[in-house]
Amino acid sequence: MNSFDFSLLEEGFTARDILEQKINEVSLSDDKDAFYVADLGDIVKKHIRWLKALPRVTPFYAVKCNDGKAIVKTIANLGAGFDCASKAEIQLIQNIGVQPERIIYANPYKQISEIKYAASCGVEKMTFDSEGELMKVAKNHPNAKLVLRIATDESKTVCQLNMKFGATLKTSRLLLEHAKELNIDVIGVSFHVGSDSRDPQTFVQAISDARCVFDMGAEFGFNMHLLDIGGGFPGSKNSRLNFEEVISVINLALDKYFPADSGVKIIAEPGRYYVASAFTLAVNVIAKKVMLTEQTGSHDEDDASKKTIMYYVNDGIHSSFNLISKFRMEMCIVRKKKSKPDEKLYSSSIWGPTCDADDRIIEQCDLPELQEGDWILFENMGAYTVVASSTFNGFQRPTLHYVMSRPHWQIMHTIQEHGTFPEVSELSDVHVSCVAKNRMELNSIACIV
Ligand SMILES: *Cc1c(COP(=O)(O)O)cnc(C)c1O
């Protein structure tokens, strides 16, 4: 078993309790740095949910989404494979003891030295979508088992990729023909519908296109046996698209185009699905600026329409929010003052700490008035956050605190040792009483950006 640092949660405690405890601990000092609490048990839960929902599909976790040691070790212990896109990612995953068969090098454009590296360490599965790459691989990694990445319809995804990646069906035929001439093995087809796809039909179309390419492959004499349905599975608690909704559509399409007796192994490359909801980020309000707007003719001193508030917090777009377009934000406010039911809301914006004028996390949302020292929690912050953060302007990255409950830890062991998992319905989070006395008021406000 891979070992790594995390705190085992005492019975009855949740990751959220730990977060509140940390806030309470530092609230008396001046040192209120931003920090994360990451619940590794949430990853265990997600994995089991995956195995139940998509029994035919082996997950290959997309490392780029969050490459934290504790994260990849947890996922390795659970027996998943890995989607790596660079030499460094392959090294990271091999260094924790994962065999090369459990890795797919899923970047269609690779530097020659990195192709050679993959060849030297036994990583054979790799994706491609162009002639040039085919020739590079033929020369530098003749034993590679190539997976042809096809384009998908992405009119409905948030993050579009076809400009950069994916062959059309017509190009696929030419590529297969050329691969045959070069005597390179093409073992399957992959696609990636893009992150946070809004329409499961995109998967259906892509799976049916993949079927066409398998049939073309057979014409050229390839024995194709691997279908890789990529990533894009929702990972946050309140995503636009429900995971179960997406997968019921996918399972039907898989059974139609690649039935169990077709002998085709099916894998996927989920990234955000595994980690998004495991992380909560706590940032502190370090400063605020109140702006009075134009007189409106009203005489009410406190008139909300006269006041907008800018909050400055100690994390921003050069750190956790760098890939801000890749996730939706959900906030929750923690503050010293008790909230009143009829509390006024003010038009507010939230800004990062750097001198960059674009360092703004939230352009506009309505919030009750906050004070310096109050905390803002951002939930579902595990995907494309920590990995993209810099220390621009000298601001340090938030610290990370990993936690896991004992039952989840035991389940991880069981899965690793026996390959089976127990029923986990009883594992829904139990939230018990107070962690610390005088805890701050926790105010949930619905603000989804
Ligand atoms: C980024 C990426 C993924 C993971 O996407 P998620 O939306 O995080 O699931 C999977 N496959 C490929 C090829 C990727 O580039």
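The values are calculated or read from the model by the stated rules, or taken from the named source; none is laboratory data. Just so we're clear, the structure is a prediction, and the values are computed from it rather than from any experiment. Please note: Cβ atoms are built from the backbone with ideal geometry, for glycine as well, and neighbour counts cover all protein chains shown.
Within the set Asp215, Asp199, the sole residue that is at pLDDT 95 or above, acidic (Asp, Glu) and more than 14 Å from the ligand (Cβ to nearest atom) turns out to be Asp215. Counting only helices (runs of 4 or more DSSP H) that fall entirely inside the range 11-107 and contain at least 2 residues that are within 30 Å of Trp375 (Cβ to Cβ), under 16 Å from the mean Cα position of the chain (by Cα) and touching a residue at least 40 places away in the same chain (Cβ under 8 Å), the qualifying elements are 40-53, 69-77.
Kindly indicate whether any position in the range 409-428 is within 16 Å of the ligand (Cβ to nearest atom) and either modelled with pLDDT of 90 or more or of a type outside the set (Val, Ile, Thr) (or both).
There is no residue in the range 409-428 that is within 16 Å of the ligand (Cβ to nearest atom) and either modelled with pLDDT of 90 or more or of a type outside the set (Val, Ile, Thr) (or both).
Glu301 - would you say it is acidic (Asp, Glu) and either at pLDDT 90 or above or under 25 Å from Lys64 (Cβ atoms) (or both)? No: the conditions fail for Glu301. From the list Glu343, Glu372, the one residue that fits, being acidic (Asp, Glu), within 24 Å of Lys22 (Cα to Cα), more than 16 Å from the ligand (Cβ to nearest atom) and part of a loop (DSSP other than H, G, I, E, B), is Glu372. Reported count of residues in the range 267-288, each being more than 11 Å from the ligand (Cβ to nearest atom), among the hydrophobic types (A, V, I, L, M, F, W, C) and surrounded by 20 or more Cβ atoms within 10 Å (Cβ to Cβ), is 6. Output the number of residues of the range 223-250 satisfying the condition of being surrounded by 20 or more Cβ atoms within 10 Å (Cβ to Cβ) and away from the ligand (no atom under 16 Å from the Cβ). So the count comes out to 1.
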